[in-house]
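Notes follow once the structure below has been shown.
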């Protein structure tokens, strides 16, 4: 069921118009279908059709004001992008004074900030004119999309752009970064129920970007999405990132945070590294759909790193987050040097963590609990090398095929793990150089606690407390 918020029409609208719009919105909710963007904007602003197009006026004010624009009226309707040319105007800013809503009633981004920076973040790469373009600001604005192809904000060629207290709803993409940017800060923003992506790094050359203290929710194409490009130093901190995927049972590969270079399989120039995701709540929508038998957005993930063999995604830290309620909570493909620590995982449907073609992936100090749901909760390592899983609790994994499943791995250490009331424990197939030490198994329901297939080699088992049995060939054990 999709929810459309239909309240808050403004003074001056007739009671009849408001009532008709309200009934239209309720009908959309009952049918479980989203209304088109214009209908939703009209529900909030019934007088939208009577508002004049302010595009030419506002563009003229930007150009005449040296790139600075302050808006103080409650609502502005535009049909064309407002473009701030930093090369022409220098340092610029767009500001809302009070409660200001900008309605994009046309295609394309409502606001475009365009600079000319072609260098890196190093001072040596800056041209003198580029310093005059530093730190463009967008602050204190709500942007509503009244067109299927309306976007919120587009940044190109900027240095030090700051977006704060910006809300974008019912657009295609919320904040879209393209071409080349450096040192971007997105803070205290609300990116909600857009058809595409909340924060979209679209084949962009971008080093240094901070996404801080923002709510990024119900964007059907993903919450924070990095696709191709050359990206370093992405920090996502203290955000609430929820349900950024389809609202129904449509299969998807998107995620609340999706880092993806898989589409440039043979291109080494497109690469992503040096990412920190910390202190966030990242969740929804697989389980909490109101129907236990239904999976919303099957295939979706909370954090998905989609790397490539020629250049894996590397140097990633995921720490201190609450992560729950998607098909797979964390999905890693072609990655290396990834650390996942001190997170709380719950409500997977079906998997908690999936590592494929990972090199030096560390999971440590995490808790895994399905909470009120009965789920397999599997944590898997496939075709991976030199990984470590330590000092974590695994509770009530409802699977008889292994709470931890290992296939075709070379070099894996499992230590200090506590398994409580799980269907089974560790299952290893066709792998070598595997250590399982100091693990506790309690209340295993189906067993065994430890299973190693006949093709396993160089296995070490030490100091484990098992109650559900151990199955391992003598030939697999290190003497």
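What follows is calculated from the coordinates using simple rules that are stated; it is not laboratory data. Just so it is clear, the structure is predicted and the values come from calculations on it, not from any experiment. Every residue, glycine among them, receives a Cβ derived from its backbone with ideal geometry; neighbour counts consider all protein chains shown.
Couple of notes before you dig in:
- Compared with the dominant principal axis of the Cα atoms in the chain, helix 55-64 is inclined by about 90°.
- Counting every other Cβ atom within 10 Å of each residue's Cβ, 170, 258, 131 order from fewest to most as 131, 258, 170.
- Residue-span extension gain [residue 446 to residue 471] - 0.36 nm each, minus C-alpha spacing: 7.7 nm
- The chain: relative contact order as a whole-number percent, Cα under 8 Å and 6+ apart: 6
- Based on C-alpha pairs under 8 angstrom that are at least 6 apart in sequence, the stretch 133-175 has a relative contact order of 54 percent.
- Whether the stretch 116-190 is rounded, prolate or oblate, judged on the alpha carbon gyration tensor where a/c under 1.5 counts as rounded: prolate
- The stretch 296-345-the stretch 156-221 distance, computed between alpha-carbon centres (Å): 20
- Label separation (residue 51 vs residue 122): 4.7 nm, computed from points 7 Å beyond Cα along the C-beta direction.
- The orientation-averaged projection of the convex hull spanning the C-alpha atoms of the chain amounts to 23.9 square nanometres.
- For the stretch 376-479, the share of DSSP beta bridges that are antiparallel, to the nearest 5, is 0%.
- Residues in the stretch 299-322 that a label on residue 265 would reach, taking backbone N under 19 Å of a point 7 Å out along Cα→Cβ: 305-313
- Packing-based order for 348-359, 266-277, 38-49, using average beta carbon neighbours within 10 Å, highest first: 348-359, 38-49, 266-277
- Relative contact order %, the stretch 376-479, counting alpha carbon pairs below 8 Å whose residues are six or more apart: 22
- Between helix 15-31 and the chain: long-axis angle, C-alpha atoms, 0 to 90°, nearest 10: 20
- Over all pairs of different C-alpha atoms, the stretch 376-479 has a mean inverse distance whose reciprocal, the Kirkwood radius, equals 13.1 Å.
- Residues 324, 413 in ascending order of nearby Cβ atoms (within 10 Å, fewest first): 413, 324.
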